[in-house]
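> My questions will all concern the structure given below.
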Amino acid sequence: MNAEPILQVENLTKLYAAGKGCEAVSFDLYPGEVLGIVGESGSGKSTLLNCLSARLAPDEGDIHYLTRAAERVNLYALSESRQRHLQRTEWGIVHQHPRDGLRMGVSAGANIGERLMATGQRHYGNLRDTAQSWMSDVELDIARIDDKPTTYSGGMQQRLQIARNLVTHPRLVFMDEPTGGLDVSVQARLLDLLRQLVTEMNLAVVIVTHDLAVARLLAQRLIVMRHGRVVETGLTDQVLDDPQHAYTQLLVSSVLTS
Amino acid sequence: MNPQTIREGYNFAYLDEQTKRMIRRALLKAVAIPGYQVPFGGREMPMPYGWGTGGMQVTAAVIGQNDCLKVIDQGADDTTNAVSIRAFFRDLTGVKTTERTEEATLIQTRHRIPEKPLQAGQVLVYQVPIPEPLRFIEPSEVETRKMHALEDYGVMHIKLYEDIAQFGHIATAYAYPVLVNGRYVMDPSPIPKFDNPKMDNSPALQLFGAGREKRIYAIPPYTDVKSLDFEDHPFEVQTWKQCCAICGSTESFLDEVIMDDQGAHEFICSDTDYCRERMASQEMPV
Ligand SMILES: [Zn+2]
């Protein structure tokens, strides 16, 4: 693990009301590291993810990101244009609902090619080759390249969303319940795929999930949130096997009993 | 110009002076930022069905007593719409009108650019139904304005990509998107892509008016206008195997016309003035 964190979060606060949002969150994320943010719905984990990915300006606190060019930037001091550029070149954002992260009205190939076109690639044949190669990487049938995502199953849509994000070889990927809403067997295969891609591409990932099984499988480190605040952090196995905070203990036991 | 020729009870060119000034301010801004859509507080205009008011408002705001006006609809001077708009401005301004491209100082058009190259000093006013080139993929006005501001134009090539994936070539034939002055992506209104190259570095001033959406945009003289494309699928204009059945032109934009009940068809110039002039020059004794 490199010494320099790729993401430094200090005292991040975004509150809609008392206890609603996220409050005083701090952590460092290192290149290639997968950080899980767990908690129930309403715990503020989605608000936190939106702040981290430059989609929601915080009320207080700072986020510093180390760019590919080794420049340390204060995220919310950047122009919106620069933020968008980071989002589509150095980052990925995988939404829980594929319709939020895909263009449902255009083909799978165009969905994968969009980021490349946005960053200036102007060769149709190359775009096509890249799209096909990514489709096979995420185990989609390349014969479906010209089909619209509306004709895909939920699991296939999620694979397509992942390909669309990874095509620019991002360094940091934000995931919001990426396996939520999928059948258990589909979920397991998708998790395997994610784990493999994360390792191969040495991705830093912030993954928000309410599912501790997903967290255990993907994340090396966990942040447990409740009412907008961090109640416990630590290595995943440590947090899940020997929870210290009463709330974490409750979370873990409710998984075990369900 | 003879003041008696203006219809009584109406202001010159129909619009009141305050409205014209407001439109002219929007036009000045549009000329200063080529390809940028300037919002303006549009007015209602009496108009033929199927003809929007944006172009007419622009024409009414810029027309002067010494102008010579030409009006074309799909290239023709003699359609019902073209005839009635020409009559409208003649009645309400008293300016000269013409069907000849080179005589006109001001050309109001819908869906074509004349074949005869425009000259410095001429003004071409386009009627625009949908000004926003990003609308097909992004319904939100707030978001499209942001996309323009940030030059976030990746989606424009999606449309062309989809064309090639589906048809093997870029099938978009009308309202083909362009990049103006290396900065703003612009919808050139539903002209055929055949006309796109005429916009590039034209000596004439090109003004675009969208009435319903209340937007004005412009291409100043001698501005770069590039049609979007791919390296391995470069921009191409329409071509025909036929020549014009009337004048024999192989260089103009041709319309297919049905000649009889048996479905026989021919191709003729869409630009009626261009076709007529070619015929006249062929008939002249050598
Ligand atoms: Zn002809």
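> Considering A:Val206, A:Val239, A:Val230, which residue is closer than 25 Å to A:Arg103 by Cβ, β-branched (Val, Ile, Thr) and open to solvent by less than 80 Å² (accessible area, probe 1.4 Å)? Can you show your working first?
Values: A:Val239 fails: closer than 25 Å to A:Arg103 by Cβ; A:Val230 fails: closer than 25 Å to A:Arg103 by Cβ.
Result: A:Val206 is the single residue among A:Val206, A:Val239, A:Val230 that is closer than 25 Å to A:Arg103 by Cβ, β-branched (Val, Ile, Thr) and open to solvent by less than 80 Å² (accessible area, probe 1.4 Å).
> For segment B:35-47, does any single residue satisfy the condition of being on the phi > 0 side of the Ramachandran plot and in contact (Cβ under 8 Å) with a residue 60 or more places away in the chain? Working first, answer last.
The initial filter retains those residues of segment B:35-47 that are on the phi > 0 side of the Ramachandran plot, namely B:35.
Subset that is in contact (Cβ under 8 Å) with a residue 60 or more places away in the chain: B:35.
Scanning segment B:35-47 turns up at least one residue that is on the phi > 0 side of the Ramachandran plot and in contact (Cβ under 8 Å) with a residue 60 or more places away in the chain.
> A further question on this structure: Every residue in segment B:236-245 that is within 15 Å of the ligand (Cβ to nearest atom) and in contact with a helix residue (DSSP H, G or I) (Cβ under 9 Å, 6 or more places away or on another chain), please. Quick ask: steps written out before the conclusion?
Let us first name the residues in segment B:236-245 that are within 15 Å of the ligand (Cβ to nearest atom), namely B:240, B:242-245.
Result: B:Cys244, single match.
> If only one of B:Gly168, B:Gly211, B:Gly248 is more than 15 Å from the ligand (Cβ to nearest atom) and on the phi > 0 side of the Ramachandran plot, which one is it? Break it down stepwise before answering.
Details: B:Gly211 fails: on the phi > 0 side of the Ramachandran plot; B:Gly248 fails: more than 15 Å from the ligand (Cβ to nearest atom).
It is B:Gly168.
> Could you list all residues from segment A:117-138 that are over 25 Å from the mean Cα position of the chain (by Cα) and part of a helix (DSSP H, G or I)?
Those that are over 25 Å from the mean Cα position of the chain (by Cα) and part of a helix (DSSP H, G or I): A:Tyr124, A:Gly125, A:Asn126, A:Arg128, A:Asp129.
> Can you list residue pairs whose Cβ atoms sit under 8 Å apart, with the first residue in segment B:261-278 being more than 14 Å from chain A (Cβ to nearest Cβ) and farther than 19 Å from B:Pro192 by Cβ and the second being open to solvent by 70 Å² or more (accessible area, probe 1.4 Å) and more than 9 Å from the ligand (Cβ to nearest atom)? Count only pairs 6 or more apart in sequence or on different chains.
As it stands, the answer is B:Ala264/B:Ile258; B:Glu277/B:Arg100, since those pairs meet every condition given.
> Could you check segment B:259-280 and list, in sequence order, the residues that are part of a helix (DSSP H, G or I) and either open to solvent by 90 Å² or more (accessible area, probe 1.4 Å) or more than 12 Å from the ligand (Cβ to nearest atom) (or both)? Break it down stepwise before answering.
Step one: of segment B:259-280, the residues part of a helix (DSSP H, G or I) are B:272-280.
Passing the criteria: only B:Arg276.
> Also, I was wondering about something else. Tell me, yes or no, whether segment B:180-199 has at least one residue that is modelled with pLDDT under 95, of a type in the set (D, E, K, R) and more than 15 Å from the ligand (Cβ to nearest atom).
No; the residues of segment B:180-199 include none that is modelled with pLDDT under 95, of a type in the set (D, E, K, R) and more than 15 Å from the ligand (Cβ to nearest atom).
> For B:Val180, indicate whether it is within 14 Å of chain A (Cβ to nearest Cβ) and open to solvent by less than 30 Å² (accessible area, probe 1.4 Å). Explain how you work it out, then say what you get.
Numbers: within 14 Å of chain A (Cβ to nearest Cβ): no; open to solvent by less than 30 Å² (accessible area, probe 1.4 Å): yes.
Judged against the criteria, B:Val180 is not a match.
> Continuing with the same structure: Just the residues that are in a strand (DSSP E or B) and open to solvent by 30 Å² or more (accessible area, probe 1.4 Å), please, taken from segment A:1-36.
Residues satisfying the conditions are A:Gln8, A:Glu10, A:Asn11, A:Lys14, A:Leu15, A:Tyr16, A:Ala17, A:Lys20, A:Glu23, A:Ala24, A:Ser26, A:Asp28.
> Would you pick out the residues in segment B:232-249 that are surrounded by 11 or more Cβ atoms within 10 Å (Cβ to Cβ), more than 21 Å from B:Asp78 (Cα to Cα) and among the hydroxyl-bearing types (Ser, Thr, Tyr)? Let's see the steps before the verdict.
First, pick out the residues of segment B:232-249 that are surrounded by 11 or more Cβ atoms within 10 Å (Cβ to Cβ): B:232-233, B:235-238, B:240, B:242-249.
Cutting the leftovers down to more than 21 Å from B:Asp78 (Cα to Cα) gives us B:232-233, B:235-238, B:240, B:242-243.
Hits for segment B:232-249: nothing passes.
> Oh, and also: For segment B:135-160, give me the residue count where each residue is within 8 Å of another protein chain (Cβ to nearest Cβ), farther than 22 Å from A:Gly109 by Cα and in contact (Cβ under 8 Å) with a residue 24 or more places away in the chain.
1
> Same structure again: Looking at segment B:161-172 only, could you name the residues that are more than 15 Å from A:Gly105 (Cβ to Cβ) and either facing chain A (nearest Cβ under 9 Å) or surrounded by fewer than 22 Cβ atoms within 10 Å (Cβ to Cβ) (or both)? Full working, then the answer.
Of the residues in segment B:161-172, the ones more than 15 Å from A:Gly105 (Cβ to Cβ) are B:164, B:167-172.
Within segment B:161-172, B:Ile164, B:Phe167, B:Gly168, B:His169, B:Ala171, B:Thr172 meet the criteria.
> So which of B:Gly54, B:Gly35 ends up being buried (at least 21 other Cβ atoms within 10 Å of the Cβ) and modelled with pLDDT of 95 or more? Working first, answer last.
Values: B:Gly54 fails: modelled with pLDDT of 95 or more.
After ruling out the rest, the residue left standing is B:Gly35.
> Which residue out of A:Ile112, A:Ile93 is aliphatic (A, V, I, L, M), open to solvent by less than 50 Å² (accessible area, probe 1.4 Å) and not in a helix (DSSP H, G or I)? Quick ask: steps written out before the conclusion?
Numbers: A:Ile112 fails: not in a helix (DSSP H, G or I).
Step by step, each of A:Ile112, A:Ile93 is checked, and only A:Ile93 is aliphatic (A, V, I, L, M), open to solvent by less than 50 Å² (accessible area, probe 1.4 Å) and not in a helix (DSSP H, G or I).
The values are calculated or read from the model by the stated rules, or taken from the named source; none is laboratory data. What you see is a predicted model; the values in this text were computed from it and never measured. Glycine also receives a Cβ, built like all others from the backbone with ideal geometry; neighbour counts cover every protein chain displayed. Heads up: the accessible areas ignore ligands, DNA and RNA and are worked out on the full protein's heavy atoms, side chains in. Shrake-Rupley method; radii C 1.70, N 1.55, O 1.52, S 1.80 Å.
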